[in-house]
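Everything below concerns the one structure shown next.
The values are calculated or read from the model by the stated rules, or taken from the named source; none is laboratory data. Please read these numbers as outputs of a predicted model, since none were measured by experiment. Cβ sites come from the backbone with ideal geometry, for glycine too, and all protein chains shown count toward neighbours. Please note that ligands, DNA and RNA were not included when accessible areas were found on the heavy atoms of the full protein model with its side chains. Shrake-Rupley method; radii C 1.70, N 1.55, O 1.52, S 1.80 Å.
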2 protein chains.
Amino acid sequence: MIDQSFIKQLAGIVGPEHVFTQKEDMLTYSYDAAVLDSRMPGGAVMPGNTEELGEIVALCNGAGVPITVRGSGTNLSGGTIPESDGIVLLTGRLNQILEINEADMYAVVRPGVVTAALAAEVEKKGLFYPPDPGSMAVSTLGGNVAENAGGLRGLKYGVTKDYVMGLHFFDALGNYVKTGSRTVKCATGYNITGLMVGSEGTLGVLDQITLKLIPAPVARQSMVAVYDTIEKASETVAAIIAAHILPATLEILDNFTIRAVEDYSKAGLPMDADALILIEVDGHPAVVAEEGEKVQALCRQFGAQSVTLAKTDEERDKIWAARRSALSALAQVKPTLVLEDATVPRSKIPDMVRSLQAIAKKYKIDIGTFGHAGDGNLHPTILTDRRDQEEFHRVEQAIEEIFDKAIDLGGTLSGEHGTGIAKAPFLEKEAGYSSILFSRRLRKALDPNNILNPGKITGVSE
Amino acid sequence: MIDQSFIKQLAGIVGPEHVFTQKEDMLTYSYDAAVLDSRMPGGAVMPGNTEELGEIVALCNGAGVPITVRGSGTNLSGGTIPESDGIVLLTGRLNQILEINEADMYAVVRPGVVTAALAAEVEKKGLFYPPDPGSMAVSTLGGNVAENAGGLRGLKYGVTKDYVMGLHFFDALGNYVKTGSRTVKCATGYNITGLMVGSEGTLGVLDQITLKLIPAPVARQSMVAVYDTIEKASETVAAIIAAHILPATLEILDNFTIRAVEDYSKAGLPMDADALILIEVDGHPAVVAEEGEKVQALCRQFGAQSVTLAKTDEERDKIWAARRSALSALAQVKPTLVLEDATVPRSKIPDMVRSLQAIAKKYKIDIGTFGHAGDGNLHPTILTDRRDQEEFHRVEQAIEEIFDKAIDLGGTLSGEHGTGIAKAPFLEKEAGYSSILFSRRLRKALDPNNILNPGKITGVSE
């Protein structure tokens, strides 16, 4: 229980200046980027080192106080919404890049390091950390690991889990657990590293993360293809993959999104286009040249009205800035934005796009669709006003129908935003009840007092 | 308990022709490729479909009879050595390739499919399943997943865990659990797929495996570099990686191994060379040409006496046949062969090679060293005679010193052979006691009656 004595003990561990209980602070930590009810935590604490982190976990386990770890709060499934009888553990001071090892191509970081900060440091050494979630300018690597964050490069380079080689974390009992290694192969013990990635802070509190790095691609080519129907655009996407080309990035924007982006950023996008696809191929210059040619030819073959190549770095940056502004742009349209990430096998993208249009029509709601078409991970984005209860009810029905359709097409509820609170009630649809029981048994054994981010992933009835 | 009634019930599930209790059969299933005491199981059973598999698991859980799943028994850490009061579950009839999906680049297989059989089918469609454990001609994909098998291509392409997208399995209670998806991104629920890979049959019995496929590389170039000292060879390996070149394969053979291979296969290897490195670069023709040039230059710069390129497919195949015969060749030298796979960060390969030479000298034993130098995964191979107790004691001391050295250098006990029985006693050295406790809690929750391959990974004291 959080009482004066508990707060005093927290202050004894980290110093009173790193414990927060004021209402305005609690408000800040009561919500994240998901459209869900906020919840005020009972306090927040910001440890400065490994020892303090471990003492906080042990204290909370002893007192039965739930811990929700928070990096930058960019979570899109409610994974960082705290318990009202719990504390928020802030990783802001655990923000050191401990090592970048060029010879063995790995980095060791603390959980509070900002994704873009690591990417920039690594780039200086001619290396590459590919995962690039939309929020990477502010998101933390601890949050990325907890959510198994994806990004624009998932198609060719994979997602966060493909880069986590090892972890140091405190388990619920306050024991310090080391998993994985700094070697590219490791078959010793259970793959606890793999289990921890995407576990949303429910199985342990991260202290150190070892990340795989790869050589940076030496060349790249970005391009934009314009379509008069989104069907043609989505068929192009499937055709590119079918031709065994894996672009670094292969994104789609529908007309709704194009107009929102253009209103917001004046990027010079064609407002009357029904859809755009944005493509970047990278690697060796010869590969880039060849794949670039093939992709352009496929775009035209499948009906692109135009294909424009970025001729300079500035032109390239403009394309990707437009894409990266999509979420902010759509957020201007209406008071509430619900960003979904149901994902389907890549060949089903045309089916999914058609279904999204039908669902928008059926429920009379605005859905802007953009996202990582190349890996089947679309972001249907519903623009609404949560205060309009009647409309929001239709939105909820539409979301459920989107989930059903994704699963029908052999897909998944979440490509990269995680389960959190938002998708926990729908998990059974995809994974079945046995999988939930298995997960709950596992979780109960590892967190017997249910203090690690309760209610996330496996739901509240445990 | 295994009694007549239990055997009768097994026969009722799969038919009496698929239940085995004869002594000669039990002998066959009493050992694997690890140098450990054999143990005769109480019976063996070969289910033919999902339903039979589930019924066997439920029967065993109810009766408290341990199950050890066995594919081809190529395990190198004792993972397939059964319990004397348990049964061996044979996957030989669960050997169907259920789907190869070209558009979405995945395959769905049953656990008994032979690795090379899938690789060949996939290749016909212009796709590629990269993991290639040394035993792939006979090993099964179920075994590969259970052990997180590696292979010669780990350096560039990763290992089995990097290709498992989803699983269907029976948990210890006989519930059918589905995990993962057929999409390249999936962030729904826990990453149980990741946990299951490398869990050595201790958390569930596999029924279906969904594997990621990638486009096949269109060109490749193999070459052999000859050295008068193994130090120069190992420094070349580190230099290639430091130059940010990731060959598909980068293998080393020491003089002991070269002579054994030459005796065995008359491959035309230079018997007086202190070491060889065998390299293959692959990908786009321009990349292959450029990386091939750079690798040759580095070989010469670091002291190679000669670098020979394979000019035809026959010459290429001859190089890799020689490498793949190393284990068989060494096995001819003495009655007992202990194949280790301690793995170090790649830049530490020269250190590890020097240490192996010193350890061989110190304990007056024969160590032939070959293996996947490019990913730090050497295979120091000790030739001995287990019946010579005095020598075998020195061998055991040497192995422990090899483990210690690998860990000192920031490495791991096992790069790809798993923990099994052989390395379970040493796990704490690497992972620490907290990690073992965490693993035991997890396991106990998921297999409360301890029927799934007991004693493997976390040891017997649970």
Quiz item: Where in the range A:1-119 are the helices (runs of 4 or more DSSP H), entirely inside, with at least 2 residues that are among the small types (Gly, Ala, Ser)?
Solution: A:4-14, A:50-63
Quiz item: What number goes with the only condition from (1) closer than 25 Å to B:Thr183 by Cα; (2) modelled with pLDDT of 95 or more that A:Glu340 does not pass?
Solution: (2)
Quiz item: Within the range B:241-248, is there a residue that is in contact with a helix residue (DSSP H, G or I) (Cβ under 8 Å, 6 or more places away or on another chain), farther than 21 Å from B:Gly150 by Cα, open to solvent by 20 Å² or more (accessible area, probe 1.4 Å) and not in a helix (DSSP H, G or I)?
Solution: yes
Quiz item: Tally time: how many residues in the range B:91-106 are touching a residue at least 60 places away in the same chain (Cβ under 8 Å) and open to solvent by 20 Å² or more (accessible area, probe 1.4 Å)?
Solution: 4
Self-check item: Qualifying positions in the range A:31-59 - modelled with pLDDT under 95 and touching a strand residue (DSSP E or B) at 6+ places or on another chain (Cβ under 9 Å)
Solution: A:Asp32, A:Ala33, A:Ala34, A:Val35
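Okay, residues lined up against (1) on the phi > 0 side of the Ramachandran plot; (2) within 17 Å of the chain's Cα centre (by Cα):
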{"residue": "A:Ala149", "(1), (2)": "no, yes"}
{"residue": "A:Leu152", "(1), (2)": "no, yes"}
{"residue": "A:Gly158", "(1), (2)": "yes, yes"}
{"residue": "A:Lys161", "(1), (2)": "no, yes"}
{"residue": "A:Ala187", "(1), (2)": "no, no"}
{"residue": "A:Tyr190", "(1), (2)": "no, no"}
{"residue": "A:Ser199", "(1), (2)": "no, yes"}
{"residue": "A:Leu203", "(1), (2)": "no, no"}
Self-check item: Subset of the range A:43-58 [closer than 21 Å to A:Gly73 by Cα and in contact with a Gly (Cβ under 6 Å, 6 or more places away or on another chain)]
Solution: A:Met46, A:Val57
Quiz item: Can you tell me which of B:Val88, B:Val113, B:Val109, B:Val122 is open to solvent by less than 10 Å² (accessible area, probe 1.4 Å), out of contact with any helix residue (DSSP H, G or I) (no Cβ under 9 Å at 6 or more places or on another chain) and modelled with pLDDT of 95 or more?
Solution: B:Val122
Self-check item: Matching option when the condition is of a type in the set (D, E, K, R) and at pLDDT 95 or above, among A:Lys334, A:Lys364
Solution: A:Lys364
Practice problem: Give the residue, chosen from B:Val35, B:Val19, B:Val57, that is in contact (Cβ under 8 Å) with a residue 40 or more places away in the chain, over 21 Å from B:Thr115 (Cβ atoms), surrounded by fewer than 24 Cβ atoms within 10 Å (Cβ to Cβ) and not polar (S, T, N, Q). | Solution: B:Val35
Practice problem: Enumerate the helices (runs of 4 or more DSSP H) found wholly within the range A:127-221, keeping only those where 1 or more residues are away from chain B (no Cβ under 11 Å), open to solvent by less than 10 Å² (accessible area, probe 1.4 Å) and closer than 21 Å to A:His372 by Cα. | Solution: A:141-147
Practice problem: Kindly provide the set of residues from the range A:443-462 that are at the interface with chain B (Cβ under 10 Å from one of its Cβ atoms) and free of Cβ contacts under 8 Å to residues at least 12 places away in the same chain, ordered by number. | Solution: A:Ala445
Quiz item: Residues of the range A:424-458 being assigned to a loop (DSSP other than H, G, I, E, B) and open to solvent by 10 Å² or more (accessible area, probe 1.4 Å), which ones?
Solution: A:Gly432, A:Pro448, A:Asn449, A:Asn450, A:Pro454, A:Gly455
Quiz item: For B:Lys311, all conditions in the list (1) over 21 Å from B:Leu36 (Cα atoms); (2) touching a residue at least 12 places away in the same chain (Cβ under 8 Å) hold save one; what is the number of the exception?
Solution: (2)
Quiz prompt | Test result for B:Gly376, without any contact (Cβ under 8 Å) to a residue 40 or more places away in the chain, within 25 Å of B:Val237 (Cβ to Cβ) and touching a helix residue (DSSP H, G or I) at 6+ places or on another chain (Cβ under 6 Å) | solution = yes
Quiz item: Right, B:Phe392: within 23 Å of B:Tyr31 (Cβ to Cβ) and more than 14 Å from chain A (Cβ to nearest Cβ) or not?
Solution: yes
Exercise. Tell me, please, whether a residue that is among the acidic types (Asp, Glu), in a helix (DSSP H, G or I) and more than 23 Å from the chain's Cα centre (by Cα) can be found in the range A:231-239.
Key: yes
